[in-house]
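Input: a single structure, listed below in structure tokens.
The values are calculated or read from the model by the stated rules, or taken from the named source; none is laboratory data. The structure displayed is predicted, hence computed values, not measured ones. Cβ placement follows ideal geometry from the backbone for every residue including glycine, while neighbour counts extend to all protein chains displayed.
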Amino acid sequence: MEAIELQQNVEKALAEIRPFLESDGGDISLIAIENNIVKVQLHGACVGCSVNQMTLKSGVEMTIKKYAPQITEVINIDA
């Protein structure tokens, strides 16, 4: 898969999960994709949320892997 196609698939996954984050006062941005690791940044209420790591792993990572199975991990980059 080309880098552009990979990025588009990751963006599609984020678009799918974004409404759930926004409903809780948060958001997410794609920072980079390097060596099949997606780097994202959580915003708003997601930053201080006690369950943001669970959201990142079970929600965001699972959804991204559905669109881009070669992704091995999703990590949050603090601001």
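Among the residues making up the range 23-50, those that are surrounded by 15 or more Cβ atoms within 10 Å (Cβ to Cβ) and assigned to a strand (DSSP E or B) are GLY26, ASP27, ILE28, LEU30, ILE33, VAL38, LYS39, VAL40, GLN41, LEU42, HIS43. Note on the range 51-71: among residues that are in a loop (DSSP other than H, G, I, E, B) and aliphatic (A, V, I, L, M), the one that is nearest to GLU11 (Cα to Cα) is ALA68. Does VAL60 satisfy being at pLDDT below 90 and among the aliphatic types (A, V, I, L, M)? Considered against the rule, which asks whether it is at pLDDT below 90 and among the aliphatic types (A, V, I, L, M), VAL60 comes out as no.
Restricting to the range 51-66, give me the number of residues that are buried (at least 16 other Cβ atoms within 10 Å of the Cβ) and of a type outside the set (Gly, Ala, Ser). Walk me through it before giving the result.
Within the range 51-66, the subset buried (at least 16 other Cβ atoms within 10 Å of the Cβ) is 52, 55-56, 59-61, 63-65.
Now narrow it down to the ones that are of a type outside the set (Gly, Ala, Ser): 52, 55-56, 60-61, 63-65.
Qualifying residue count for the region: 8.
Just to be sure before I move on: is VAL74 outside any loop (DSSP other than H, G, I, E, B) and buried (at least 16 other Cβ atoms within 10 Å of the Cβ) in the structure I sent? Quick ask: steps written out before the conclusion?
Values: outside any loop (DSSP other than H, G, I, E, B): yes; buried (at least 16 other Cβ atoms within 10 Å of the Cβ): yes.
For VAL74, the condition - outside any loop (DSSP other than H, G, I, E, B) and buried (at least 16 other Cβ atoms within 10 Å of the Cβ) - is met.
Selection of first residues in the range 4-21 that are closer than 14 Å to GLY59 by Cα and of second residues that are surrounded by fewer than 14 Cβ atoms within 10 Å (Cβ to Cβ) and charged (D, E, K, R), restricted to Cβ pairs under 7 Å at least 6 apart or on distinct chains, gives the following pairs, ordered by first then second residue: ALA13/LYS66.
Within the range 1-22, track down each residue that is of a type in the set (A, V, I, L, M, F, W, C), surrounded by fewer than 17 Cβ atoms within 10 Å (Cβ to Cβ) and over 19 Å from GLN53 (Cβ atoms). Listed by number, the residues that qualify are MET1, ALA3, ILE4, ALA15. Screening the range 24-50 for residues that are among the hydrophobic types (A, V, I, L, M, F, W, C) and more than 10 Å from the chain's Cα centre (by Cα) and picking the one that is farthest from GLN8 (Cα to Cα) gives CYS49.
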